[in-house]
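Could you have a look at this structure, given as structure tokens, before my questions?
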Amino acid sequence: MKIGLDIMGGDYAPKANVLGAIAAHSSLKADEQLVLIGDTQQIKPLLSEAGFNPDHFEYVHTDDVIGMGEHPTKAILQKPNSSIAVGFQLLKEGKIDSFASAGNSGAMLVGAVFSVKPIAGISRPCLCTIVPKLKGGTGLLLDVGANADCKPDNLMDFAVLGSLYAENVMQVNNPKVALMNIGEEDEKGNMITLASHRLMKETKLFNFVGNVEGRDLFNDKADVIVCDGFTGNIMLKLAESFYVLTIKKGLKDEFFDRFNYENYGGSPVLGVNAPVLIGHGISSPEAIKNMIFQSRDMITSNLVGKIQAAFQ
């Protein structure tokens, strides 16, 4: 197994990414190899500074970086030797089994769609995120930003993808799938959610439990909650702010501590033909470490293969 990591992506790259890779190494098995993609002239001194043997990793040197504010499509095309572009080329060629980056999220989405491509039968890949539950455990929310405008068929695909991720990666048996709406009643919502509800209610592809409201995000009514990317991104950013607010207020709470993005690593891009993860731009070494573990779990669970089989 070869886990690809973009060392140059993120606000605190390359140091945070290198330190995250070092932190992850001790928990990886002998056949779980990290491949660091980036400027080796910057990577090697950081490893030496940390007293870490560089022979534990593999390296692919790149000379360029896609900045956080660059136009995704233009950057991918105009910077073929950037760490993100090279990472996707390696993924496409099968030289790495997954690719993760805390860099330009738009470039990561574009790279995923144009290199390894969407799985046949899926019109739009999506992003998902882990959600802490009040009584313990975690749930899944998707889409959280890849698709601001969605059709009912898209939400139906997201529900299948989320159910498969929850079952195979999160180890949830027969996950409960719900549709985010403005009310629990079947007749509530706009044209998109009404049509989506009808599709989900009739399917046997997953365990649909109906509509949920925003207040249900952190309870146990559903393991997987489906929404369009516009709604999901707003909910995600609001949830992330809870942890920041508790810190600013000097509050210590076990539940709100679980809102710390570092605990979860990155957001998987579901619906493409290889494991791809996008980390937070402000990813710390802890977040990078957990994104590496998340990459490993997606590979070992053969999630992509199971999604491909489901959409045949």
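The values are calculated or read from the model by the stated rules, or taken from the named source; none is laboratory data. Note that this is a predicted model, so its numbers are computed, not measured. Glycine also receives a Cβ, built like all others from the backbone with ideal geometry; neighbour counts cover every protein chain displayed. Calculation scope for accessible area: heavy atoms of the full protein, side chains included, ligands and nucleic acids excluded. Shrake-Rupley method; radii C 1.70, N 1.55, O 1.52, S 1.80 Å.
Would you kindly derive the ³J(HN,Hα) couplings of the range 299-308 from the backbone phi angles with the Karplus curve 6.51 cos²θ - 1.76 cosθ + 1.60 (θ = phi - 60°), listing them in order in whole Hz, with x for Gly and Pro?
After applying 6.51 cos²θ - 1.76 cosθ + 1.60, I find 6, 5, 7, 6, 4, 4, x, 5, 5, 4 Hz.
DSSP beta bridges in the chain, what fraction antiparallel, as a percent rounded to 5?
Of those bridges, close to 30 percent are antiparallel.
Report the Rg/Rh value for the chain, based on alpha-carbon coordinates and the Kirkwood definition of Rh.
Ratio of gyration radius to Kirkwood radius for the chain: 0.97.
If you stretched the chain out fully between Phe230 and Glu49, how much longer would it get, using 0.36 nm times the residue separation minus the C-alpha to C-alpha distance?
60.9 nm
Per DSSP H run of n ≥ 4, the term is -39500 (n - 2.57); total these for the chain, divide by its residue number, and report the mean residue ellipticity at 222 nm rounded to 500 deg cm²/dmol.
That calculation yields -12000 deg cm²/dmol at 222 nm.
Now a separate question. Using amide H atoms built in the peptide plane, which far-off residues or other-chain residues are under 5 Å from Cys150 H to H?
Here nothing satisfies the definition.
Shifting gears a bit: Write out the GluC sites (Glu not before Pro) in the range 47-149 meeting two conditions: DSSP loop, and at most 14 other Cβ atoms within 10 Å of their Cβ.
Qualifying residues, ordered by number: Glu93.
Going by amide H atoms built from the backbone, whose H comes under 5 Å of the H on Val212, apart from near neighbours?
Leu179, Met180, Asn181
What ranking, highest mean first, results for peptides 28-35, 153-160 when packing means the other Cβ atoms within 10 Å averaged over each residue?
153-160, 28-35
Non-local amide H neighbours of Ala100 (under 5 Å, H modeled in plane, Pro and chain starts lacking H): which ones?
Result for Ala100 returns Gly4, Leu5, Asp6, Leu277.
Given the whole protein assembly as supplied and a 1.4 Å probe, what does the accessible area of Phe218 come to in Å², nearest 10?
Spelled out: Phe218, probe radius 1.4 Å, area about 50 Å².
By the scheme Lys and Arg +1, Asp and Glu -1, what is the net charge of all other residues having a beta-carbon under 11 Å from that of Glu213?
Once all neighbours under 11 Å are counted, the net charge is 0.
Moving on. Rounded to the nearest percent, how much of the accessible area of the chain (1.4 Å probe, protein heavy atoms only) is carbon and sulfur?
53
According to a simple spin-label model (label point 7 Å from Cα along Cα-to-Cβ), what is the distance in nm between Lys249 and Phe293?
2.8
Now, a different point. Whole-Hz Karplus ³J(HN,Hα) for the range 200-205, in order, using 6.51 cos²θ - 1.76 cosθ + 1.60 and θ = phi - 60°, x for Gly and Pro?
So the J values, rounded to whole Hz, are 5, 5, 8, 7, 10, 6.
Projecting each Cα onto the charge dipole of the range 121-248 (Lys/Arg +1, Asp/Glu -1 at the beta carbon, about the Cα centre), which of Leu134, Asn211, Asn147 comes out farthest on the positive side?
Leu134
Additional query: Compare His71, His61 by solvent-accessible area with a 1.4 Å probe and give them largest first, with all protein chains kept in place.
The residues order as His71, His61, largest area first.
Additional query: Cut-off 10 angstrom, C-alpha nodes, Gaussian network model of the chain. Which of Gln41, Gln294, Gln89 fluctuates the most?
Gln41
Out of Lys252, Lys117, Lys15, any idea which swings most in a Gaussian network model of the chain, alpha carbons joined below 10 Å?
Ranking Lys252, Lys117, Lys15 by mean-square fluctuation puts Lys252 first.
Which ³J(HN,Hα) values, rounded to whole Hz and listed in residue order, are derived for the range 95-107 from phi using the Karplus coefficients 6.51, -1.76 and 1.60 in 6.51 cos²θ - 1.76 cosθ + 1.60 with θ = phi - 60°, glycine and proline given as x?
Values, residue by residue: 7, 10, 9, 7, 9, 10, 8, 9, x, 3, 5, x, 5 Hz.
On a full-extension model of 0.36 nm per residue, what is the gain between Asp220 and Thr138, subtracting their alpha-carbon distance, rounded to one decimal in nm?
Result: 28.6 nm gained on full extension.
Give me the net charge of Arg124's neighbourhood, meaning all other residues with Cβ under 11 Å from the Cβ of Arg124; Lys, Arg count +1, Asp, Glu -1.
Computed value for this residue: -4.
Give, in nm to one decimal, the length gained when the segment between Ile282 and Asn174 is fully stretched (0.36 nm per residue of separation minus the Cα-Cα distance).
35.5 nm
Sequence gap at least 6, Cα distance under 8 Å: using those rules, report the relative contact order of the chain to the nearest whole percent.
About 23 percent, as a whole number.
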